[in-house]
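To start, the structure under review is shown below, and the notes come after it.
The values are calculated or read from the model by the stated rules, or taken from the named source; none is laboratory data. Fair warning: this is a prediction, and the values are worked out from it, not measured in the lab. Cβ placement follows ideal geometry from the backbone for every residue including glycine, while neighbour counts extend to all protein chains displayed. For the accessible areas, the whole protein counts, side chains as well, though only heavy atoms, and no ligand, DNA or RNA atoms are used. Shrake-Rupley method; radii C 1.70, N 1.55, O 1.52, S 1.80 Å.
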Amino acid sequence: MLAGAAVFVVLAVTGGVAALSGAPQPSSASQAPPTTTATVEKGELSAAVSTDGTLTYRARPDGSPYTVINRASGTYTQLPLPGDKVDCGGVLYRVDDEPVLLLCGAVPAYRELHSGEVGEDVRQLNRNLHALGYDLAVGVDPDGNRFTWKTEQALENLQRQEGLVVTGQLALDDAVFLPEAVRIAKVTGELAGLAQPGAPLLDATSDMPEVQVDLPPLQQGQVQPGQAAQITLPGNRSVTGKVDRLGRVAQVPPGPDNNAGNATIPAYISLDDPDKARGLDQAPVQVQIATEGVNSALSVPVTAIVGRSGGGFAVEVVRPRGQDELVAVELGLFDTTAGRVEVTGRLRQGDHVVVPSS
């Protein structure tokens, strides 16, 4: 409370008469209500965007899963289950009890590969044969884009090991190429169902958890790749991460607010310790993204800020001997997590400012 206000309280109580009588008077401190104060601190501050998110698994840059298109004809005799993991070189599914392998590469299978073929699809086949160790006797060049006799022998070793017909050629329906080892997200085919070439069979992702948030217009300019994030998982467990990438295509929300002005942009957050979030696919989470910060700033609780009659802002500083002073301040960064705001003015670290009593 300001000194002038304290004088007003004393005069109001004494009626301006008892002060002249010479009788002992109670001190202003005994009449004023207790003052709650907080300390002016110096240190780091950060602003944050708080929003809801969904824990999912990384796949394509836009957040969509990899879709597996079947190329074999017959009957599905073995299909994976959602949550299953399939490594490069492993059996993804079976048609007429013949295995269809998962091989790793960005180029989808679109032709039969045999001796003499040249191309990027051959290069990724060579890389698979070398990485899986099927070329130990011949030494396939993992960067070579030619189907050589070494490729043929290594491929025969793979076919023999995985139960395919040993031909030394890779038929179109022998394998599916995806960019990485996968986790099965959804299976649309049915066991014992008809396998038709060209039909979608399943969706898959990587085994790397990530968080997706949809940023409304007011937050889209604040969030950038590389910013730190804190994620609260189900069970009130917290993990840390950072913004990995932003989506390029705005999404208009369904319902009555489905206009372009309400379009959201997806942001994807990688986790510093992914193991803490495995097994929680599509779980709702709370996300705080640190959008900016300062390393060394004076700050006070937001509740300490008062408006000045002439405009601007101030804080009530408790000076020595219990005197209060209204000090003008300029506001800087608001740290919503800590409930503090950066201030500049005639303040020093360690000063005490008045805050409302709780």
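Couple of notes before you dig in:
- Alpha carbon Rg of segment 239-329, scaled by the compact-globule rule 2.2 N^0.38 Å: 1.83
- The chain, accessible surface, carbon-and-sulfur percent (1.4 angstrom probe): 52
- Computed Kirkwood radius, in angstrom, where 1/r is averaged over Cα pairs of segment 282-336: 14.2
- Over the chain, dividing the summed -39,500 (n - 2.57) contributions of all DSSP H runs of at least 4 residues by the number of residues returns a 222 nm mean residue ellipticity of -3500 deg cm²/dmol.
- D_trans [Stokes-Einstein, Kirkwood Rh over alpha-carbon pairs] for segment 104-150, 4 °C, 1.567 mPa s, µm² s⁻¹: 122
- In plain terms, if you count all Cα to Cα distances in segment 147-253 and split them into 10 Å steps from zero, the share in each step is 10, 23, 27, 17, 18, 5 percent.
- Largest first and in whole Å, the equivalent-ellipsoid semi-axes of the chain read 71, 20, 17, each the square root of five times a Cα gyration tensor eigenvalue.
- Local charge for Gly63 was computed over the other residues whose Cβ lies under 14 Å away, with Lys and Arg +1 and Asp and Glu -1, and equals -2.
- Extent along principal axes [Cα atoms of segment 150-202; Å; largest to smallest]: 37, 25, 18
- Accessible area expressed per residue, the chain, with surrounding protein chains retained (probe 1.4 Å, Å²): 53
- Residue ranges 273-284, 195-206 sort as 195-206, 273-284 when ordered by packing (mean number of other C-beta atoms within 10 Å per residue, highest first).
- The charge dipole of the chain, taken about its Cα centre with unit charges on the Cβ atoms of Lys, Arg (+1), Asp and Glu (-1) only, comes to about 1400 debye.
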